[in-house]
Each structure stands twice: as C-alpha cells, then as structure tokens.
Amino acid sequence: MSPMNDIARDDVFPGLSSEEAAGRLARTGPNEVARLEEHPLRRLLRHFWAPVPCMLEATIVLQLAAGERMEGAMVGVLLLINVVLGIIQEGRANATLALLRQRLAPRARTRRDGQWRDIPAAALVPGDIVQLSLGRIVPADARLVSGSVLLDQSMLTGESAAVEPAPGTTAYAGALVRRGEAIAEVTATGPRTYFGRTAELVQAADVQSSEQKAVLGVVKALTAVNMAIVTGMVAYALSIGLTAAQIVPLVLAALLSAVPVAMPAVFTLAATLGARRLAQQGVLLARLPALQEAAMIDVLCVDKTGTLTENRLGVGRAVPLAEGMNTAALLARAAAASSADGQDPVDAAIRAAADGQAAAPLAVRRFIPFDPSAKLSEATIAGPAGADERIAKGSPLAISSLAPLDARAREALQGLADEGYRVLAVAAGPGQGMAAIGLIGLSDPPRADSAPLLAQLKELGITPIMVTGDTAQTAATVARRIGLEGPVCPPGAIPEQVAPADYAVYAGVFPEDKFRLVRAFQRQGHAVGMCGDGANDAPALRQAQMGIAVSSATDVAKSAAGLVLTEPGLRGIVACIEEGRAAFRRVLTFTLSMLVNKSVTLIVMGGGLVMTGHAVMTPLLQVLWMLTSDIAMMARAGDRATPTPYPNAWRIRELTLAAIPLGAVKLAYAMSILALGWYWLKFDTGAMRSLAFLTLVLAGLATGMILRERGHVWRSRPSPLFLAASAASASVATAFAWRGVVMSPLSGAVVLGLCFATLAYGLALDAVKVAMLRRLPIDRR
C-alpha cells in the first residue's frame, strides 16, 4: 500500500457530502477571484463620452439646429469612425487579455460522499478534504492534517527556497507540490485566500494613462485658442453688420477646425501596429495604452525570483573542509547522499553540480532519503580500502550533531550565509567516526541575460531597482553578480519619501510594500515600470505605468500587467521600450502637426474674415478639409520612426511653445496666398473659399511631412503608406478645387502655382523646425 493510501483512509477523512458542499458553495461562492466586468452598454457609451467625441457631438447639435443637415451628417460619420475604431481596438485588447487568462481549468482531488473525486477547483468549499501530491497546485488555502510535502511558494511569496509546512500549518493556494504527499483541509477559498487578497489589491490599483492626459491637454489648449479666436471673430462680424444667419456658419466652421478628430485614432492605430510587431518578438500587449507608457518609464522595478534569476536552485559555492578533499570529491559524496529521481530540487542541484565537475559517481550500497524531522539524508558507499564509508548531508545544525564543526568550518559557514547562500553541510567517515568534509552553498542563479539586459536599460536612461521578498543577503549577492550597483534598503518599513537613487535593492518586502513603493516613485514624478511573475507582484504591476509579466507568471500577474512576455527571459523588455518610444514619436509629431494646423486654420479664418468681410471657410468645406487632411494623417501611425535614447514624456507646454514659431511660418504663408488672391487676382468670395480650402489642405499635408522628422526632411524617408495617403489626399483636394466639386473652380494655373508655393513653404518650415527643436525639448522626461 502506498503512503497516500495509508494517510487517506476512509474512516479518518470522510469528507463532505454533495449536499453539504453545495450549501457551502452557495454561501461562500466559487473558489476563484471575481473580475470586475464593465457592462457592454456602459462600455459603448464610454466611447461617446471622451473629450473628442463630446466636441464632435456638440458640433453636430449646433449644425442641425442651424439647418446644416449634410454637414451634420458628415461630422456624424467622423464621430462613428472614431467610435468604431476605438471599439474594435479595445475588443482586440480585451480578447488578448482573455486568452492570457484562459488555461486548462484547474482540478482538485477531494473527498466527497465518502469517495475520492477529481472536481473543478472552483467547486471547492471550506471544510473540503483534498489530496496534495507531486506536481499538483494547491487549489485553495488548506491546513495540513497528515503527510509531508515540499512546497514551492515562489510565485506567492517571492522566496526561491521551497518550504516544508508542518502538520497544522497552512499551505497557500497557488503553491506547487515539489515532493511528497499529504492530506489537507480547505480553510479559505476564492478572494479570502492569500492569492485572492492579492488580486483584490490589483483591482484597487489605478493610474491614469498618458494618452488620457495628452488628449485632455491638447483639447484644453485647442479649446482655449478656439474660444479666444471665435469670440474675436463674432465681435468683428457684428461690428461690420453681418447677420446671425451669416455668423452661425462661421462659428460652426471654427468649431470644426478645432476638433482633433484623428488624434484618438492615431493613438489607437499606433499602439495596434506596435502590438503586432511586439507579438512577433514574444511580447503580448494586454492594454493598448501600455505601449506608450513603455516609452516614458525612467524607473524599472524588477522582481528577483524568476525574473532576474532562473527560479531554480543551483550550487553557487562548495567549500572543502577536510584535508585532501577537493570540490569534485566533495560534490561526489554529496551527490551520493542525494536522491536520483530529480523530484527534490536540492538533490537535483547537487547532482547537476557533481556532473559538471566530471566527478566519478560513487557506488552507493545503501541510501536513506531526506528525513524532515532529522533534517538530513544519508548514504553508505564502498570506501577506498574496501570498508564502507557513511555519508550524511543536511542542515549544518543536524550535521554538527554527527560531526562537530571546528572554528574554520563555522567561519566558512558564516561567510556563506552572509553572502546569501542557503548552506548545507556534508560529513563522512566510517561508522560513528564521522567528520565534516565540506559546506555547499545553494542559490537561485542569475539568468544569463540579466546583466546585459540591465546594462541596456541603463543606456536607455532607465534606473533598474530590484524588489524582492527574499533576504537582504541573498538579494545583495544576486545584485552584485548582475552588475546592479547601489545600497540595499534596510529591513523594515520603506521610507515614504524614498527616491529611486536612494537604493538599488529592496529586500524582504510584502505585496503591499511593492505597491506603495511604486506609488511613492510616482508621487515624485517618475514613470515606473514593474516586471514580475508572481501573484505578489500583481498590485504593483497594475499600479505601474508599465507592468510586465514574464512568461512563467501566474494568471493574476498576467491579468494585472499591460505587457506579457511569452518567451523565457527579459529580452523582450528592451523591444517593448524601443517600440514604445518609436510609437510615441509618431503620435508626438502628429500632435505637433495637428496643433500647428488647427490653430493656424482658426487664425486664417479670422484673418480671412477681416480681409474679405466674409467667411473664407464654410462648414461643408471645413468637413472636407478634415476628411482630406486629418483622416489622411492616420497613416502617420505606421510611419517610420527612430526611438530616442532617453525616456519620453508628454510636455504639452513645450509642444504649444514649439507650435508658435512653426504656426507663424504657416500663417504667414497662408495669409500671403489669400492676400494674393483677394488683392491681386481679385477673386470673388466663392473663389477665395476654394483658394483657402486648397491652401490649408496642401499646407497641412506639407506640415505633417516636414514635422515627422526631427532633422532636415531629407534625412529619412516616410513610409510608403504615409506617402501614398498624403499624395491621395492632395490629389483629391486638388481635383475638387480644379473641377469645382462643391466649391467654385480654380484655374489650372492657380492650382499649379499653389503646388509650387507649397513646396517653398515646406522648405522654409523645415529650416525653422530644425533650428527650434535643437533648443526646445518637446519629449524628454
């Protein structure tokens, strides 16, 4: 009969009846963490309640009130385009997140109706009797009542060392059974478990995305400019005797020109295209705004176990103590006293180290597996003279009862402990005359890519910080080995005003500490990234601007993160940051172009009113301008872009300041063209409107083409899609103006001359741009 059969006798653990279990399930709920789900109707309405949709909706209402039905319908189409794009991309992101949460439904072996059954873990209730065996996940918090197991709780506590709970103690949900078999009684399920309480912290975490802040900032800036100019235009119109019927279309056209229609779509498309490229490199984007957040982080909090280290025990140091004993001989004897089945992580590490030393295996006559009560394992081997040699391996305290440790051994033991190693002692000798022959220091070895990754992060202007639940000695040892330089935060409460430069390592922290640490950095103005794999990392992953779950992460960690690595290691993190910075550059230059185009269009409308005494842009022409200019700019989301070597940030003030000289160049050009048409060519009102429309469209497209590159425009080529979209928009606008579609026709000579004038404007704008951006940082954190 197996040990499990011995400890699982029917008369000792009868279990619950199905009726009793059903009643408890109704009272306590399923053994899973409930997720907050947004109602579909509320999710739909949210897309109509953002700043840009609200501006479009207000414009539609005013146009319908003024009888401008066609124009109102066209603006409605623009509104629907924005909403549909937002819903589609949000749906794709949610689908990705749902796939991350999906896994084979966990099951548990429990006692029901006097029989052992495999049931879904979600059906467990407090009081259930469950079996814990090798390779199984502990399905709920449970009190051990019989048997012995070795549990890997690294995903929950951050400790790499496995633990062996005594009967009567609690095994936490999510722990992995590494060795042994046991019977346990469920004490807590669902959100009441350690795992579940951590997930509740995730739901409490919240941080506003940079996209939300940027859109709101741009809308505020445009609204302020719009209100000032519209107020002046209305006052002037009244002063020259225009009627209300003439003023209302003027106001509607001005309102339309201030709406950043394409901005949300460009943000969404840039993130979507970036997500596709990252997926090819083993990175899944769970939330679209996370890509832009990756461009902004200047502090990266990294969990040690399984992130910087391999999350497996290895022999870091072997210290021979006996005369004539070398490392290979010490490891060979330690391997002889280790199990060969590979189930015990300590024994597996020692055997792997012995194989690495090419130590000849010893002939084992007798082996006694590890005894949890004695804290050691034993073996008997054939000695060199034919006599048997007894070997014992275990904790230093247990070995010292068999073979006392001298001063040299105690000093070596203390040195290994100070370096963060988990220390085992080995003794050998004939019969009872054993002597300590060596010490073995075990550790969780760093990943091979950790050191170069941290070096790359520093080159990108990011401060890496280790945050772990392990001891300070262990964390400091790992930090030294991977080149993470800096002091270790003293044990205890983390200072409230702590800065990223104060400490390089935080050890012995709890989930709440990681959460508070991220928030402390954020309060000081830092953008924080958090890498992790365990449930204990989830609150900080959610709170951080960029939460990254590695490939071995728990479901809670993956659902909390914005980015999920699907391949081992952290190489994908550099790709995330570089792709994020490239995407940020695309949307930033688009935003700068939009600020210039929108503000100048408003001023041109005011200047045209003063010049001609009539509105030079009607609501219909304004909608056509938006369709041929703003919507075409969506192709900027996939344009070529070079990532910056420093963290980025939305600096609306600097963007606005940069738009002033650039806008001045465009304003001077546009007003010169209008003055030429009115005073020299003697255009009538209809021709002036056509001239204003084509001038603003061509100059707007040229502005976007010039501002996409920080240096001179010829330093980089635009993407084929962006080039084609710009050419198509210019061709449509030119054809409409030339053929007189919904406007007065312009002669071919005027259209051709305007095209050449636009080229000259582009070169002038390029010179001003290069000189200005050298002095004004618009994206540096």
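Every number here is computed from the coordinates shown, using simple stated rules; none is lab data. Remember, it's a predicted structure, so these values are computed and weren't measured experimentally. Cβ atoms come from the backbone with ideal geometry, glycine included; neighbour counts cover every protein chain shown.
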### Summary
Farthest towards the positive end of the dipole of the chain, among Val364, Ser239, Gln281 and with Cβ unit charges of +1 on Lys and Arg and -1 on Asp and Glu, lies the Cα of Ser239
### Query
Around Val145, which amide H atoms from residues at least 5 apart in sequence, or from another chain, sit under 5 Å from its own amide H, with H modelled in the peptide plane?
Gly168, Ile183, Ala184, Glu185
### Mean-position separation - Cα centroids, the stretch 423-462 and the stretch 742-781, in angstrom
63 Å
### Task
Describe numerically, in nm with one decimal, the distance between label points set 7 Å from Cα along Cα→Cβ at Asp502 and at Thr223.
3.8 nm
### Query
So how far, in whole Å, is the C-alpha centre of the stretch 313-329 from the one of the stretch 216-294?
69 Å
### Query
Give me the log10 of I(q) over I(0) for the chain at q = 0.07, 0.09, 0.10 Å⁻¹, as the Debye formula computes it from C-alpha points; what are the numbers?
-0.66, -0.90, -1.02
### Task
Can you find, among Val713, Ala294, Ser400, the residue farthest towards the positive end of the dipole of the chain? Put +1 on the C-beta of Lys and Arg, -1 on that of Asp and Glu.
Val713
### Message
Nothing charged except the Cβ atoms of Lys and Arg (+1) and of Asp and Glu (-1): what's the magnitude of the dipole of the stretch 441-567 about its Cα centre? Round to the nearest 20 debye.
### Response
200 debye
### Only Lys, Arg (+1) and Asp, Glu (-1) charged, at Cβ; the stretch 512-630 dipole about Cα centre in debye
320 debye
### Nitroxide proxy distance, nm - points 7 Å out along Cα→Cβ at Leu64 and Glu164
7.5 nm
### Message
Charges at C-beta only: +1 for Lys and Arg, -1 for Asp and Glu. How large is the resulting dipole of the chain about its Cα centre, in Debye rounded to 20?
### Response
2400 debye
### Query
Mean separation of Cα pairs under 8 Å and 6+ residues apart, divided by the residue count of the chain: what relative contact order is that in percent?
13 percent
### Summary
Note on the stretch 447-578: alpha-carbon gyration tensor, axes a ≥ b ≥ c; rule is a/c under 1.5 for rounded, else prolate if a/b larger than b/c, else oblate; result rounded
#### Entry: Normalised contact order of the stretch 314-443, rounded percent, pairs of Cα under 8 Å and 6 or more residues apart
28 percent
### Message
Along the Cα→Cβ direction, 7 angstrom out, place labels at Leu763 and Ala340. What is the inter-label distance in nm?
### Response
8.4 nm
### Query
How much space per residue, in cubic angstrom, does the convex hull of the C-alpha atoms of the stretch 314-443 take up?
100 Å³
### Query
So what is the calculated 222 nm ellipticity per residue for the chain, using -39500 (n - 2.57) for each DSSP H run with n of 4 or more, over all residues, to the nearest 500 deg cm²/dmol?
-16000 deg cm²/dmol
### Task
Starting with the fewest neighbours, write out Val665, Val751 ranked by other beta-carbon atoms found within 10 Å of each beta-carbon.
Val751, Val665
### Query
By how many nm would the segment from Ala358 to Gln115 lengthen if fully extended, with 0.36 nm per residue of separation less the alpha-carbon distance?
82.5 nm
#### Entry: Zone residues, the stretch 630-664, relative to Arg780, backbone N less than 15 Å from point 7 Å out along Cα-to-Cβ
644-651, 654-655
### Task
Kindly put Met466, Met688, Met434, Met70 in sequence by how many other C-beta atoms sit within 10 Å of each C-beta, fewest to most.
Met70, Met434, Met688, Met466
### Query
Tell me, Arg317, Arg365, Arg42, Arg111 in order of fewest to most beta-carbon neighbours within 10 Å?
Arg42, Arg365, Arg317, Arg111
### Query
Among Thr223, Ala354, Ser629, whose Cα sits farthest toward the positive end of the charge dipole of the chain (+1 at Cβ of Lys/Arg, -1 at Cβ of Asp/Glu, about the Cα centre)?
Ser629
### Query
Can you give the angle from 0 to 90° between the axis of helix 748-773 and the longest principal axis of the chain, with both taken from C-alpha atoms, to the nearest 10?
40 degrees
